[in-house]
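Some notes on the structure that comes next.
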Ligand SMILES: [Zn+2]
């Protein structure tokens, strides 16, 4: 089974990215395969407030489809507390 990465390059929007190890601070690093992209690698910091709204939607969708918090966290590469936060917020709508 190949691991699907639900990540877009924040610089060019390409989905042709793969995980590329970790930064010195321990954050997941990604590589962008778009040749036109100025950045060949990037780090998504989901601890920032402005992280991708798509991720939030995916968290809600996955939880509605019966995925556990740990599964969601692993698939989307975000922390479990962030998943729990989004699920709580999602349930309030
Ligand atoms: Zn890119």
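Here the simple spin-label model places points 7 Å from the Cα toward Cβ, and for residue 81 and residue 19 these points are separated by 2.1 nm.
Spin-label model, residue 27/residue 88: points 7 Å from Cα along the beta carbon direction are separated by 2.3 nm.
So if R0 is 25 Å, what FRET efficiency would residue 36 and residue 71 give, r being the distance between their Cβ atoms, rounded to the nearest 0.05? Working shown, then result.
Working: r = 34 Å, r/R0 = 1.36.
After rounding, the FRET efficiency stands at 0.15.
Every number in this text was worked out from the coordinates using simple rules, so none of it is lab data. The model shown is predicted, which means the values in this text are computed figures rather than measured ones. Here Cβ is always computed from backbone atoms with ideal geometry, including for glycine, and neighbour counts include all displayed protein chains.
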